[in-house]
Each structure stands twice: as C-alpha cells, then as structure tokens.
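Structure first, commentary second.
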Amino acid sequence: MIEYENLGVLNKLFTAEMLESIEKTFDAGWYILGKNVDSFEQEFANYIGSGHCVGVASGLDAITLSLRAFDFEKDDEVLVPSNTYIATILAIIHAGLKPVMVEPDIKSYNIDPEQIIDKITERTRAIIVVHMYGKPCDMNPIVRIAERYNLRLIEDCAQAHGARYKDKKVGSFGDCGAFSFYPSKNLGALGDGGALVTNNSRLADIVRKLRNYGSGIKYFNDLVGYNSRLDEIQAGFLSIKLRYLDRINNHKRALADLYIKHLKKDFIRPVVGEDYFDVYHIFTIRHPRRDRLKEHLLKSGIKTEIHYPVPPHRQAALERYFAGECYPISEDIHATTLSLPVSYIHSTDDILNVIESLNSF
C-alpha cells in the first residue's frame, strides 16, 4: 500500500531532536510565550524575509487577527478566491467582514488577477490571495491592483511554506502573510499552530496583543483580544523542522517532476513556470472521471485525497453568504481534482508505481 501521507513515519525522522526539545522545555518550566516561541518567530521571519513574525494558534487565527488589526468597519468587503479552503472565508466572517469571491485561473488554480478588478466596489478594503497547493500566485499584477485601489493585501500561505515568486518568498509581498503549521503541511507541527509575518511594526504589535487577551503587559488589556498563542512545545518542534524545510520542499519538487514528465496527457497536470518555485504541499491532477480514477488507484493499493470535494459557496455553513451565486470555474476544479502521494516519506519508486497505475487507467 502506498499511503497518501503517513505523519507517524515522517515525524520519526525527527524523534531524537524533538524529544530533546521537549525535555528542555519541560525543565525550563515556562510553557506559554517563552523562549521557544521567541526563537521560532525570529527564525521564521528571517526565513521568509520579513521583519516580524507573530506565532498564533492556527492559520485561521493568523488571517482573522490580521483582519481585526486593520480595524475595518463592519461588512466592509474582502476579495477572496472562490476555490479556497473554507478557513480563508471563515476568517473574513469572524472578523465581521463580507467575503466577495473571485474566480481562479483554471490553469494555476490561483486567484485570477484579471477578474479582481471587476469585483472591486466602494466597500472593498482588502484582497486575500491564496497560494493554492503550494503554487505562488501571480503577485506582480495583484500588488499593482492593491496599490492602485488602496487595498490591503493579505497572503494566505497555509500551503506554501518556502514557495517563491520571482525569487521572493510568498508571505513577503503583501501587508502580511498568514501561515498554518497543521501537521500535514510541509512545515507541520504535532498539532495546530500558525503565524503571521509582516514588515509592519504596528500591525505586528497589534496582533501580538490580540493573540494574548489584548494585552501587551500582563494584566493590562488594551484591546478586546483572543487566546490564540503558539504553544511552546510546538514552537520547539517547528524550529527543528524549519531546518529541514528546504530539503523537504526539494524532495517533493523532485517527485512532482516525475509526475509532470511521465503522466499521460489524459491528466491535467499542474502548470510550471520559471517565475514560480512551487513547493507542492499538494500535487493535484484533474480528470473528468475523477471518482472512477480514485477507485482505480485504491484497487492498485494507492491512496489519494480530494482537495476539496465541495466548493465554498456550496457549503451549508456559507449558504446564506453566497445564495444564488455561481462560480463555474471553482465548481469544475472541485469536481475533477485529485491529490496524489507526494510526501517526504515517498521514494522515486513509489511515485513511479503511482504513475504506472495512473497511465493504465
């Protein structure tokens, strides 16, 4: 059986270092917002090329708190891709704002810059771009649009740790970048975690307060805040795995290259370009008989996933926000996409076996 992912096997590669980190944290006796969080925040900010990093409890919170920090008015509009994972949209709603969806480019699965302008109104205050599956968005035109219309630009980098556009890491183009450290990410913790990166000192200061009950000094609360703090133990793990992130990304890129070179043309494969350094958190193909293909692979002992089976505007939780709206490109993507094994635990032989099974379909 070729697993889609096996986090138990993956994290055993770091067992000795992680156990040593746990012991140090245990002995230190400081378990919330201590040295591990401070160290990881500095390391990750340096890795991305940002002036500040603020560790929070999840990627969802990283977006929500950034939106809160901008102090928009209730029901101001935020543009967001129509095929993103629901968390991006939930963050907008939790911040008291109105999500307005923009269709993606059918080739890249990322927000289409040409369609952004059509959705801008007098109530639009921000654009959230999502670097889907680990592919950077086409950032130059998006940055120009944000500057032209005086809009805040937030990057959802939950699937794109270390991805680059024109040799600049994602998360460093906009006002801020939001990251998730969910265990299956290329940089994953052993539980939930997230971070915001930014060059805006004021924004970073506000988010630091918001994550900690609105407090910058213990027992003095300046803002109506949250409890959303990156855990000391998880921060220690993330510092360890950050040292391996480029190696993990390069391994996944090599496996992805096998798929791209050897899969039959029956399958719609990810597009590649010299301006885009994709990190393939997810390697997705598209096929009109996706469900039959998934069954075929499972019979061959190959597990796959679907990211994601239901588009956001079809989710019951969001029905009242998008009732009557139609997003055909998003619908097409969600109906045909299939995610293939592309983990740090997989070997070249594993992927060649997957390719053989795919090409026999």
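At-a-glance table
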{"quantity": "Spherically averaged projected area of segment 185-246 from its Cα convex hull (nm²)", "calculated": "5.1 nm²"}
{"quantity": "At R0 = 45 Å, FRET efficiency that the Cβ-Cβ distance of Phe14 and Val224 yields, to 0.05", "calculated": "0.75"}
{"quantity": "Principal axis dimensions, segment 1-111 - Cα atoms, whole angstrom, descending", "calculated": "47, 44, 25"}
{"quantity": "Hull volume in cubic angstrom per residue (convex hull over the Cα atoms of segment 294-361)", "calculated": "118 Å³"}
{"quantity": "Taking Tyr308, Tyr31 and counting other C-beta atoms within 10 Å, the order from fewest to most", "calculated": "Tyr31, Tyr308"}
{"quantity": "√(5λ) per eigenvalue of the Cα gyration tensor, segment 122-257, largest first, Å", "calculated": "26, 24, 10"}
{"quantity": "Contact order normalised by residue count of segment 72-209, Cα under 8 Å, 6+ apart, percent", "calculated": "16 percent"}
{"quantity": "Distribution of pairwise C-alpha distances over segment 41-177, 5 Å bins, in %", "calculated": "2, 11, 22, 25, 22, 13, 5, 0"}
{"quantity": "All lysines inside 26 Å of Lys299 as judged from Cα atoms, apart from same-chain residues fewer than 8 positions distant", "calculated": "Lys252, Lys261, Lys264, Lys265"}
{"quantity": "Taking the C-alpha atoms of segment 245-359, convex hull volume expressed per residue in Å³", "calculated": "140 Å³"}
{"quantity": "Translational D in µm²/s for segment 128-183 (Stokes-Einstein at 37 °C, 0.692 mPa s, Kirkwood Rh from C-alpha pairs)", "calculated": "293 µm²/s"}
{"quantity": "Formal net charge of residues neighbouring Leu13 (Cβ-Cβ distance under 11 Å; K, R +1; D, E -1)", "calculated": "+2"}
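Read-outs throughout are calculated quantities, based only on the coordinates presented, and are distinct from any laboratory measurement. All values reported here derive from a predicted model rather than from experimental measurement. Note that we place each Cβ from the backbone using ideal geometry, even for glycine, and neighbour counts take in every protein chain shown.
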